[in-house]
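A.B. asks: Here you go, one structure.
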Amino acid sequence: MMNQNMADMFGKFSELQEKMKQAKSELSKLEVEAEAGGGMVKVKANGQRKILSISLDEDVIDPDDAEMMEDLIVAGVNKALDKAEETAQERMQETYKDMMPGGGIPGMDMSKLGL
């Protein structure tokens, strides 16, 4: 009986690994967008927290005030990365909820897994 429980546990673990692999692949296709400076800077990132693009409004490009533009770009990038991480964690929790009793993995921080 104990061998059957172990076999079931390993089977679920294998299934979980496969679902993680699929979810990570899907995260690379997920895109989020964040804005800074009232939309003057727009940053797109994917679910794997990689920057895809940065768009600058003409009004933010001022050669005499490069510091403002740099600050807005940093703010936009940080917002996009935060949004990507939040969305990725939500998607990963959805992946696990059907596999775990009670749905999801309470208190699990996906960022600690490098996802």
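The values are calculated or read from the model by the stated rules, or taken from the named source; none is laboratory data. Here the structure is a predicted model, which is why all the values come from computation and not from measurement. Backbone-built Cβ (ideal geometry, glycine too); neighbour counts: all protein chains shown.
A.B. asks: Looking only at residues in the stretch 13-42 that are out of contact with any helix residue (DSSP H, G or I) (no Cβ under 6 Å at 6 or more places or on another chain), assigned to a helix (DSSP H, G or I) and basic (Lys, Arg), which one is modelled with the highest pLDDT?
C.D. replies: Checking each candidate, the answer is LYS29.
A.B. asks: Output the residue which, of all residues in the stretch 55-66 that are closer than 13 Å to GLY37 by Cα and either among the charged types (D, E, K, R) or under 19 Å from the mean Cα position of the chain (by Cα) (or both), is modelled with the lowest pLDDT.
C.D. replies: Ranking the qualifying residues of the stretch 55-66, first place goes to ASP59.
A.B. asks: Still on this structure, I have one more. If only one of GLU26, GLU18, GLU33 is of a type in the set (Asp, Glu) and closer than 17 Å to LEU72 by Cα, which one is it?
C.D. replies: Residue meeting the stated conditions: GLU33.
A.B. asks: Restricting to the stretch 73-90, give me the number of residues that are crowded, with 17+ Cβ neighbours inside 10 Å and either hydrophobic (A, V, I, L, M, F, W, C) or over 8 Å from the mean Cα position of the chain (by Cα) (or both).
C.D. replies: Residues meeting the conditions: 8.
A.B. asks: When the stretch 38-78 is examined, which residues are found to be among the basic types (Lys, Arg) and closer than 23 Å to LYS24 by Cβ?
C.D. replies: LYS44, ARG49, LYS50
A.B. asks: Let me ask something else. If we scan the stretch 85-100, do we find a residue that is at pLDDT 90 or above and either out of contact with any strand residue (DSSP E or B) (no Cβ under 8 Å at 6 or more places or on another chain) or assigned to a loop (DSSP other than H, G, I, E, B) (or both)?
C.D. replies: yes
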